[in-house]
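Read through the structure below, which is laid out as structure tokens, and then see the notes.
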């Protein structure tokens, strides 16, 4: 469909299909309409000189954002410079500055439902920006895993990569007064959408990108050193359709192997092989299903050699083989750094290991000679202190460096390791003036690193374990949803942190991150010095059950068998329930791969007609049929739940409920409030089949249980599993489209 252009009463008009862009030249302002409805009103542009002084806090990996900006210079007028096949280039004149600054704006409608604005400004200002009028009752979702008590960003001002802070009950008063303790903002993404019917993707990778959802104006800005400010506005008719278009452009989430949606166990430090074996045996002895053991930092001779430390793991290959023979995979941790000194990182307690870590990594010199590290402004390898010592980051923009790193990873995978925990990779770790092999600087490319790193590690897995390996990554940005699993980073073990983690999961899902996980029990501990309290561990395990991957990890002794019998029993039951739900979860993952609708489903994606969906931060859809309402307050034995519209069945009691309002749900410690959509089929594995874990049974040979909850109004219901199996119910008769061992139930 061609783009049409015309000039009407001094206004330049571009149109394609249902979308119309009206460009007022003098004074400058742009409106974007769809089917006559104005989505964006009085779009304008500005820039400002200034200085940036962001401060990176090494200990907590947090960023304190700081800038001094001059008086903004705004675009006063525009004139057509060059017509394009799909839009127009405009010459801009700014007002408010001393030098009569000029700039250029390209406006294009490259495909249906899409408008692209690309701004370049002369004279190297610090920041350039686009803004438009805010509307009353406008809501905003997305921007990655936003760790906040709300999921609606209206009224918020944030800088991606510098937004997260701990303001929970144990935050010191002096830190609370300045906004809390800065924490790693691990998975931001420059994409959001509005309840007004549009979405925006900011195409850039530099530090300093800001979004301000103000009372009067919505503003998106970036530091000009990152390159042109490019905004893609999507106008598809529903939130799910806009997300789908964004993910088709940036990458749809994959369907992982079954064990990637199971139960994983790790500790912060396994001092010796016997401690890993203790976890393996502890799960078996306490009848806790187990699918993977994660060897977190440290496990190598130094950071990061990919060589198992023989003093820590006397028989690494034999240990991995023993686990694998029992159906349990091994996952190893890494970061994209090679150290010259690892003594300040985590080290095993034995003297031989500590001596190893004081020496440069055995692969550091080879990488330096070959130029495989990011370069400082002087052209030498960039060396700096990071949170596990002092070293240099891999330059993944260099094909040779990527291949060198990947081949080392494959040496560990050849020992039987089937998963990689790809820690680190966030853009805030790179000063603006470091340089990459492709000619870019960190000011332009810092947040590209995580995606390149993830793709390298996924490629290593695919080459050694095709179709079987799982990548578990921490960093985020647009595009990183297309590889592996994302986890929510480091959490304090308190109820406030669990609450903001649930909100982060909803926000991440609204951004398109479908494969999501977190550390059950919290990584950092209670007040940073105690393990997770029993009640909180149970509530966190319940959230973990209804998360795509259930993963337990922490700094403290948080093995469930070290708690009381009641805590252990409840924990065990939710691990088992999660294992049983794997076919349901992977069916939802297959939907995400096809159309972008994530496994965790914020209500605004599932029911755009329900305005509550933009603001619910403490409950979420899990796949197509479940509504989950975690208990997020200590001592609570009931909670109010916003229930989506439609007919629902309370999972534990079988009682029917009508949605569209709030219900008061009982929440005894054993039970997370949970509803099943009436008329839905939920397919699970039999408990006996997965009591010890998923193991190695081929998916198409596994026995199934199919439960119809209530009666479908149409007299028909069907589901399709990730392996293609279709199970249907029609007026009392069940059917399966291929030979499978299925037990049918109706509730």
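The values are calculated or read from the model by the stated rules, or taken from the named source; none is laboratory data. The structure presented is a predicted model; accordingly, all values stated were derived computationally and were not measured. With ideal geometry, Cβ positions are generated from the backbone for all residues, glycine too; neighbour counts draw on all protein chains shown.
Which of the residues belonging to segment 685-696 are out of contact with any helix residue (DSSP H, G or I) (no Cβ under 8 Å at 6 or more places or on another chain) and either closer than 20 Å to residue 745 by Cβ or surrounded by fewer than 16 Cβ atoms within 10 Å (Cβ to Cβ) (or both)? I'd like the intermediate steps shown before the answer.
Start the filter on segment 685-696 by keeping residues that are out of contact with any helix residue (DSSP H, G or I) (no Cβ under 8 Å at 6 or more places or on another chain), which leaves 688-689, 695-696.
The answer is 688, 689, 696.
Across segment 79-95, which residue is nearest to the chain's Cα centre (by Cα) among those that are closer than 17 Å to residue 130 by Cα and free of Cβ contacts under 8 Å to residues at least 40 places away in the same chain? Full working, then the answer.
Kept after step one, since they are closer than 17 Å to residue 130 by Cα, are these residues of segment 79-95: 89-95.
From the residues that got through so far, the ones that are free of Cβ contacts under 8 Å to residues at least 40 places away in the same chain too are 89, 91, 93, 95.
Numbers: 89: 36, 91: 38, 93: 39, 95: 40 Å.
Ranking the candidates gives 89 first.
Of the residues 674, 704, 669, 664, which is surrounded by fewer than 19 Cβ atoms within 10 Å (Cβ to Cβ), within 30 Å of residue 293 (Cβ to Cβ), at pLDDT 95 or above and in the same structural domain as residue 611 (by TED's automatic domain parsing)? Just one listed residue meets the conditions, 669.
Listed here are the residues, each with its yes/no results for (1) assigned to a helix (DSSP H, G or I); (2) out of contact with any strand residue (DSSP E or B) (no Cβ under 9 Å at 6 or more places or on another chain); (3) not assigned by TED's automatic domain parsing to the domain that holds residue 710.
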residue: 555; (1), (2), (3): no, no, yes
residue: 579; (1), (2), (3): yes, no, yes
residue: 586; (1), (2), (3): yes, yes, yes
residue: 589; (1), (2), (3): yes, yes, yes
residue: 639; (1), (2), (3): no, no, no
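When the strands (runs of 3 or more DSSP E) confined to segment 455-552 are screened for residues that are out of contact with any helix residue (DSSP H, G or I) (no Cβ under 6 Å at 6 or more places or on another chain), those reaching at least 2 such residues are found at 485-487, 550-552.
Considering segment 478-515, the residues that are on the phi > 0 side of the Ramachandran plot and surrounded by 24 or more Cβ atoms within 10 Å (Cβ to Cβ) include one that is modelled with the lowest pLDDT, namely 489. Where strands (runs of 3 or more DSSP E) fall wholly inside segment 139-208, the ranges with 3 or more residues that are on the phi > 0 side of the Ramachandran plot are 140-144.
Can you find even one residue in segment 217-227 that is assigned to a loop (DSSP other than H, G, I, E, B), touching a residue at least 12 places away in the same chain (Cβ under 8 Å) and under 30 Å from residue 18 (Cα atoms)? For segment 217-227, residues assigned to a loop (DSSP other than H, G, I, E, B), touching a residue at least 12 places away in the same chain (Cβ under 8 Å) and under 30 Å from residue 18 (Cα atoms): absent. Taken over segment 161-186, the criterion of being more than 15 Å from residue 500 (Cβ to Cβ) and in contact with a helix residue (DSSP H, G or I) (Cβ under 8 Å, 6 or more places away or on another chain) is satisfied by 161, 162. The single condition from (1) assigned to a loop (DSSP other than H, G, I, E, B); (2) farther than 21 Å from residue 610 by Cα that residue 682 fails is (1). Of the residues making up segment 626-636, one or more are touching a strand residue (DSSP E or B) at 6+ places or on another chain (Cβ under 7 Å), assigned to a loop (DSSP other than H, G, I, E, B) and surrounded by 21 or more Cβ atoms within 10 Å (Cβ to Cβ).
Tally the residues that are touching a strand residue (DSSP E or B) at 6+ places or on another chain (Cβ under 7 Å) and surrounded by fewer than 17 Cβ atoms within 10 Å (Cβ to Cβ), restricting the search to segment 102-116. Qualifying residue count for the region: 3. Taking the condition of being in contact with a strand residue (DSSP E or B) (Cβ under 7 Å, 6 or more places away or on another chain), part of a helix (DSSP H, G or I) and surrounded by fewer than 18 Cβ atoms within 10 Å (Cβ to Cβ), how many residues in segment 366-402 meet it? So the answer is 1.
When restricted to residues that are surrounded by fewer than 15 Cβ atoms within 10 Å (Cβ to Cβ) and within 12 Å of residue 415 (Cβ to Cβ), segment 300-356 contains 4. Here 256, 243, 247, 252 are screened, and the one residue that is outside any strand (DSSP E or B), under 21 Å from the mean Cα position of the chain (by Cα), in contact (Cβ under 8 Å) with a residue 60 or more places away in the chain and surrounded by fewer than 20 Cβ atoms within 10 Å (Cβ to Cβ) is 252.
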